[in-house]
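Contents: one structure, followed by commentary.
The values are calculated or read from the model by the stated rules, or taken from the named source; none is laboratory data. Quick caveat: nothing in here was measured; it's all calculated off a predicted structure. Counting neighbours? That spans all protein chains shown, and the Cβs are built from the backbone with ideal geometry, glycine included.
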Amino acid sequence: MRIRSGGHNFDGLSYVSSVPFIVLDMCNINKVTADVSTATAWVDSGATNGELYYHINKATSAYGFPSGLWANVGVGGILSGGGYGMLRRKYGLAGDQVIDARLICADGKILTRKTMGENLFWAIRGGGGGSFGVVVSWKVNLVHVPPVVSIFKIFRTLEQDMTNIFYKWQSVAPLLPKELDIR
């Protein structure tokens with residue numbers, strides 16, 4: 001069985017195999033409930049980044065979530081892979097903001113962070129490199145975002161000395177505010 005929460009994986013992990021399999025497509029399990037009073041949200045694994053961002057912004061413009069750049073990426077996939085996103089320098093990986101989850105094991109038991117233990121909880125957030133069951137929903141911390149964000153882009157190729165720019169970035173980045181990032 002392959003679990004697909006968006007199907008955005010470049011390696012095709014949710015739909016390519018050398019042996020027959022079934023796909024559990026999570027796309028219709030996509031509810032997002034943001035709670036501004038606790039700065040948290042429950043998000044189903046089939047929701048996309050875009051749906052998560054939309055529902056958070058509908059509840060408040062003061063918070064966001066440090067997930068990926070592409071709106072069509074499934075939350076279940078990005079969180080189970082650790083979650084490399086736009087606010088990583090300031091808030092870490094998206095998986096670092098997961099504070100609970102609901103996981104269905106092969107025996108049908110539903111586990112939460114408390115009942116699964118910290119090792120399995122760590123593994124489902126990108127630490128395990130495998131499948132440990134079906135995570136149907138995630139509880140995440142929301143992070144403060146400023147009312148105004150400035151973005152600028154400078155495009156360079158390897159022929160335009162991009163390697164040197166990255167090298168210099170690595171030496172100065174630790175000294176810069178965590179709000180400044182490069183992509």
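Worth a mention:
- Looking across the range 130-153, just one residue is touching a helix residue (DSSP H, G or I) at 6+ places or on another chain (Cβ under 8 Å) and free of Cβ contacts under 8 Å to residues at least 24 places away in the same chain, and that is GLY130.
- The residue that is nearest to VAL136 (Cα to Cα), counting only those in the range 64-105 that are of a type in the set (Lys, Arg) and at pLDDT below 90, is ARG88.
- For GLY81, the requirement of being of a type outside the set (D, E, K, R), buried (at least 16 other Cβ atoms within 10 Å of the Cβ) and at positive phi is not met.
- Filtering GLY133, GLY108, GLY127, GLY85 for residues that are more than 17 Å from GLY7 (Cα to Cα) and in contact with a Ser or Thr (Cβ under 6 Å, 6 or more places away or on another chain) leaves a single hit, GLY85.
- Sole exception among (1) in contact with a Ser or Thr (Cβ under 7 Å, 6 or more places away or on another chain); (2) crowded, with 22+ Cβ neighbours inside 10 Å for VAL23, by number: (2)
- The selection criterion, being on the phi > 0 side of the Ramachandran plot and in contact with a strand residue (DSSP E or B) (Cβ under 9 Å, 6 or more places away or on another chain), does not hold for GLY126.
- In this entry, PHE152 is excluded by the filter for residues that are under 20 Å from the mean Cα position of the chain (by Cα) and of a type in the set (Phe, Trp, Tyr).
- Count of residues meeting criterion [of a type in the set (S, T, N, Q) and either modelled with pLDDT of 95 or more or in a strand (DSSP E or B) (or both)] in the range 120-168: 2
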